[in-house]
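For reference, the structure discussed in these notes is given below.
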Amino acid sequence: MNELINNLDKEFKFTSEDFNFLSNLVGQNAGINLTEDKRELVYGRVSKRLRLLGIKNFSDYCELLRHDNTEEVTHFINSITTNVTSFFRESHHFEYLANKTIPDIIKKNSGVTRPRLRIWSAGCSTGEEPYSIAMVLRENIKDIDRWDAKILATDLDSNVLETAKNGEYPIDRISEVPIVRKKRWMLMGTGTKNGSVKIKTSIRNLVHFKQLNLTEAWPVRGTFDCVFFRNVAIYFKRDTQIKLLNRFADHLDKNGTLFVGHAESLIGVSDRFENKGPTIHQKVI
């Protein structure tokens, strides 16, 4: 009865069977844990696909997914993944990067002809996070162009990666960025590009974007000085979270830093990290 009432005011019929199928599908393909409280989120996001495709109800859409193992499944996964981000989000992480992590990396590389630096933005969304990291690197490592410095930025969603690679944003997306940074690292659009900004080449050249499913193989080489894994773990089950944390620890350099989201804590979850501040953790094992 409740399900019937819930469907009365909806554009598309959406049954428990439909939700269970979709939640299982995204779990199998992306490792994302969609609990019952995410039902309205799934309805809102996937409804856009139904309208676009001219499909009348969720059952028919589920049937399409059962017979389409590639293109539409990709669109479905893209519609579910959360991509809320902004430049310098959770600013204390970037302050720690500038004041603690980078000085330690510089000290570690003292006397090295071509110092090496690797940072991973895991779950980079539309690119604001890795570009913020790149700005901090350029501001705090004056001779960075002689370094072997790279930021790996990965995400499951192929659509947001295209936006990230382009490095162009509506001007309201940089409203919280200090004016000095806007002038130094961004180009204001003119003419047909009025109302948009473009990240400068010197920043974009430090970032390398790749599509990656974190629950599958990681084709990465060497270790990272730090990893930004923020506001992503909350979408995985606890056992998957633990596996991912162990894998990140395996890919972090000695004393490497892991930044997690404001709603995520490793305290009591992994003994391979030591807490260094709010949602800041250092590898110890």
Looking only at helices (runs of 4 or more DSSP H) that lie completely in region 1-71, which have at least 1 residues being hydroxyl-bearing (Ser, Thr, Tyr) and at pLDDT 90 or above? 16-30, 39-53, 58-67
Could you please give the count of residues in region 191-218 that are over 23 Å from HIS251 (Cβ atoms) and in contact with a Phe, Trp or Tyr (Cβ under 7 Å, 6 or more places away or on another chain)? 5
Give the residue that is surrounded by the most Cβ atoms within 10 Å (Cβ to Cβ), with candidates limited to residues of region 220-242 that are part of a loop (DSSP other than H, G, I, E, B) and touching a Leu at 6+ places or on another chain (Cβ under 8 Å). VAL232
How about region 132-158: which of its residues are within 23 Å of ILE234 (Cα to Cα) and not polar (S, T, N, Q)? ILE133, LEU152, ALA153, ASP155, LEU156, ASP157
What number goes with the only condition from (1) in contact with a helix residue (DSSP H, G or I) (Cβ under 8 Å, 6 or more places away or on another chain); (2) free of Cβ contacts under 8 Å to residues at least 40 places away in the same chain; (3) of a type outside the set (S, T, N, Q); (4) loosely packed, with under 15 Cβ neighbours inside 10 Å that PRO278 does not pass? (2)
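The values are calculated or read from the model by the stated rules, or taken from the named source; none is laboratory data. Predicted, not measured: the structure shown is a model, and the values here were computed from it. As a convention, Cβ positions derive from the backbone with ideal geometry for all residues, glycine included, and neighbour counts pool all protein chains shown.
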